[in-house]
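Participant: This is the structure, below, for whatever I ask next.
The values are calculated or read from the model by the stated rules, or taken from the named source; none is laboratory data. Computed from a predicted structure; not experimentally measured. Neighbour counts run over all protein chains shown; Cβ positions are idealised from the backbone, glycine included. We work out accessible area using only protein heavy atoms, side chains counted, and drop any ligands, DNA or RNA first. Shrake-Rupley method; radii C 1.70, N 1.55, O 1.52, S 1.80 Å.
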Amino acid sequence: MSTPQKTEFEKTPGWLDWYAGPSTPRFRLPAGAVDAHCHVFGPGEEFPFAPERKYTPCDASKEQLYALRDHLGFARNVIVQATCHGADNSAMVDAIQSSGGKARGVATVRPGVAQDELQRLHDAGVRGVRFNFVKRLVDVLPMDGLQKVADQIGPLGWHIVIYFESQELPELADFFLGLPVPLVVDHLGRPDVTTDVDGPGFTGFLDLMRARDDIWCKVTCPERLTTTGPRALGGEQAAYRDVVPFAKRVVEEFPDRVLWGTDWPHPNLKDHMPDDGLLVDWIPSIATAEESQRKLLVDNPMRLYWPEEG
């Protein structure tokens with residue numbers, strides 16, 4: 001793969017560029033595997049970053065994303081709108097329209113979005129919207145406005161991706177459960193992995209998953225959640241052991257409602273940047289059987305994002 005390119009925008013201090021030259025995974029992905037959570041950044045000269053952004057990334061183009069897809073052995077991508085682009089979905093839409101049908105998108109829209117704009121995004125390949133409740137990344141929108149967006153996307157058959165931190169779940173759970181469309185939780189609901197997997201914090205998250213049979217979970221981003229590692233670097237084949245019990249519990253209890261993705265190019269990581277090949281090698285630690293691996297990587301994302309091919 002090529003290396004990150006400089007941009008006319010000045011990167012946030014401490015920003016780590018994505019890992020150039022990732023290893024070839026030892027774990028062979030099943031045919032048709034989907035990277036169900038990744039992003040594109042810019043390039044800034046073509047797709048400027050939003051004025052209201054809370055970080056400025058390196059460039060991470062569609063060409064670089066698709067080169068990584070092919071290197072790792074994925075067949076398709078789900079590209080999630082990056083917060084640095086705000087509600088301007090142009091870079092994400094351009095990437096999915098350039099994929100030859102091998103990508104779908106998750107957009108960011110604001111309350112009051114026109115229905116014909118949602119239809120335009122649908123025709124381009126978007127199948128969901130993302131609600132971000134992580135206050136260090138975005139200014140949280142009013143709940144009534146988000147409810148209106150949820151009502152608008154229902155007729156399109158879309159879902160809502162929800163991103164929050166575990167300590168915020170008690171105050172958000174009722175709102176989530178009242179939304180009228182399927183939900184997809186980002187990054188395991190960001191649990192505190194220093195706590196007991198059977199403790200009240202993670203049990204509260206599992207109870208959310210149990211409350212409705214149309215709530216999905218991305219068992220992603222161990223590199224964000226880990227406190228003791230070891231890191232997915234230097235050929236490490238037992239990375240992020242402290243995150244494994246949490247992700248494995250979700251895969252085992254909800255095998256038909258889990259997704260996995262690289263999170264490339266790993267926004268806002270300032271501690272270390274993982275080798276994406278070693279992240280793929282982490283998958284068998286949380287989905288140990290061939291059947292569960294196929295559900296996680298092929299069957300589930302295809303059912304959610306390409307149902308017409310089912």
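Participant: Label points 7 Å out from Cα along the Cβ direction at H272 and T227: separation in nm?
Facilitator: 1.7
Participant: Applying the Karplus parametrisation 6.51 cos²θ - 1.76 cosθ + 1.60 with θ = phi - 60° to the phi angles of segment 56-67, what ³J(HN,Hα) value in whole Hz is obtained for each residue in order, glycine and proline being reported as x?
Facilitator: 10, x, 6, 5, 8, 7, 4, 5, 5, 4, 6, 5
Participant: Determine one quarter of the surface area of the Cα convex hull of segment 169-248, which equals its mean projected area, and express it in nm² to one decimal. Don't jump to the answer; show the numbers that get you there.
Facilitator: Values: hull surface 22.2 nm².
Computed as one quarter of the Cα hull surface, the answer is 5.6 nm².
Participant: A211 versus D198, label points 7 Å from Cα toward the beta carbon: distance in nm?
Facilitator: 2.4
Participant: As a test of reading the structure, rank F131, F47 by solvent-accessible area (1.4 Å probe, protein chains only), most first. Write out the running numbers ahead of the final one.
Facilitator: On the way: F131 10, F47 30 Å².
The most accessible residue leads, giving F47, F131.
Participant: Taking the Cβ of A239 as the center, what net charge do the other residues with Cβ under 11 Å away carry, scoring Lys and Arg +1 and Asp and Glu -1?
Facilitator: On the way: positive: R231, R241; negative: E223, E236, D242, D275, D281.
For residues surrounding A239, the net value is -3.
Participant: Using amide H atoms built in the peptide plane, which far-off residues or other-chain residues are under 5 Å from H159 H to H?
Facilitator: Answer set, sorted by chain and number: G128, V129.
Participant: Where does segment 58-136 land on Rg(C-alpha)/(2.2 N^0.38 Å)? The partial results should precede the final answer.
Facilitator: Values: Rg = 13.0 Å, N = 79, 2.2 N^0.38 = 11.6 Å.
So segment 58-136 has a normalised radius of gyration of 1.13.
Participant: Next question. log₁₀ I(q)/I(0) of segment 245-288 at q = 0.15, 0.25 Å⁻¹, via Debye over equal Cα point scatterers, no solvent, to two decimals?
Facilitator: Each listed q maps to, in turn, -0.45, -0.96.
Participant: Roughly what would the spin-label model give for H71 and K102, points 7 Å off Cα along C-beta, in nm?
Facilitator: 1.5
Participant: In whole percent, how big is the carbon plus sulfur part of the accessible area of the chain, probe 1.4 Å, protein atoms only? Could you put the intermediate results ahead of the total?
Facilitator: Numbers: 6100 of 12490 Å².
Carbon and sulfur: 49 percent of the exposed surface of the chain.
Participant: Pulled fully out, how much extra length does the chain show between M143 and D242, if you take 0.36 nm times their separation in residues and subtract their Cα-Cα distance? Display every interim value, and only then the final one.
Facilitator: Numbers: separation 99, 0.36 × 99 = 35.64 nm, distance 3.40 nm.
Length difference between fully extended and current span is 32.2 nm.
Participant: Between the DSSP loop rule and a limit of at most 16 other Cβ atoms within 10 Å, which chymotrypsin sites (Phe, Trp or Tyr not before Pro) in segment 145-182 are left? Intermediate values should be presented prior to the final figure.
Facilitator: On the way: sites: W158, Y163, F164, F175, F176; in loops: W158, F164.
Passing both the DSSP loop test and the Cβ count: no residue.
Participant: Direction-averaged shadow area of the convex hull around the Cα atoms of the chain, nm²? Working shown, then result.
Facilitator: Numbers: hull surface 57.7 nm².
Seen from a random direction, the Cα hull of the chain projects 14.4 nm² on average.
Participant: Could I ask something else about it? So for segment 163-310, what are the equivalent ellipsoid semi-axes in whole Å, largest first, each being the square root of 5 times an eigenvalue of the Cα gyration tensor? Could the numbers behind the result be given before it?
Facilitator: Values: eigenvalues 109, 77, 39 Å².
Here the semi-axes work out to 23, 20, 14 Å.
Participant: Suppose every K and R has +1 on its Cβ and every D and E has -1 on its Cβ; what is the size of the dipole of the chain about the Cα centre, in Debye to the nearest 20? Let's see the in-between values first.
Facilitator: Numbers: 32 positive and 45 negative charges, 54 e Å.
Dipole magnitude for the chain comes out near 260 debye.
Participant: With a cut-off of 8 Å between alpha carbons and a minimum separation of six or more residues, what is the relative contact order of the chain in percent? Present the calculation step by step, with values, prior to reporting the outcome.
Facilitator: Numbers: 574 pairs, mean separation 62.8, N = 310.
It rounds to 20 percent for the chain.
Participant: For segment 32-42, in order, what is each residue's ³J(HN,Hα) by Karplus, 6.51 cos²θ - 1.76 cosθ + 1.60 with θ = phi - 60°, in whole Hz (x at glycine and Pro)?
Facilitator: Rounded to whole hertz, the list is x, 4, 10, 7, 8, 7, 7, 9, 10, 10, x.
Participant: If exposed GluC sites (Glu not before Pro) are those in a DSSP loop with at most 14 other Cβ within 10 Å, what is the longest stretch of the chain that has none? If you can, show how the numbers build up before the last one.
Facilitator: Working: sites that count: E8, E10, E45, E46, E52.
Within the chain, the longest run free of exposed GluC sites (Glu not before Pro) spans 53-310.
Participant: To the nearest 500 deg cm²/dmol, what mean residue ellipticity at 222 nm is calculated for the chain from DSSP H runs of n ≥ 4 alone, each contributing -39,500 (n - 2.57), summed and divided by the residues?
Facilitator: Calculated mean residue ellipticity at 222 nm is -9000 deg cm²/dmol.
Participant: Give me, ordered by chain and number, the residues 5 or more places off F254 or on other chains with an amide H under 5 Å from its own placed amide H.
Facilitator: Placed amide hydrogens put nothing under 5 Å from F254.
Participant: Please list the non-local residues whose amide H lies under 5 Å from the amide H of A36, H modeled 1.01 Å from N, same-chain partners needing a gap of 5 or more.
Facilitator: Long-range HN contacts for A36: V78, W260, G261, T262.
Participant: While we're on this one: Please list, by residue number, everything in segment 207-231 whose backbone N is under 17 Å from a paramagnetic label point 7 Å out along Cα→Cβ of L177.
Facilitator: 207-216
Participant: Okay, next question. Could you tell me which of rounded, prolate or oblate describes segment 12-119, using a ≥ b ≥ c as the square roots of the eigenvalues of the alpha-carbon gyration tensor, with rounded for a/c under 1.5 and, failing that, prolate when a/b is larger than b/c and oblate otherwise? Show your work: numbers first, answer last.
Facilitator: On the way: a/c = 2.38, a/b = 1.33, b/c = 1.79.
It is oblate, given that a/c is not under 1.5 and a/b is not larger than b/c.
Participant: What translational diffusion coefficient, to the nearest whole µm²/s, does segment 119-224 have by Stokes-Einstein, given a Kirkwood radius computed over alpha-carbon pairs, a temperature of 25 °C and 0.890 mPa s viscosity? Walk me through the numbers before you get to the answer.
Facilitator: On the way: Rh = 14.6 Å.
Diffusion coefficient, whole number: 168 µm²/s.
Participant: A further question on this structure: Considering only the chain, what is the antiparallel percent among its DSSP beta bridges, to the nearest 5? Please list the in-between numbers first.
Facilitator: Details: 1 of 24 bridges.
Looking only at bridges with both residues in the chain, the antiparallel portion is about 5 percent.
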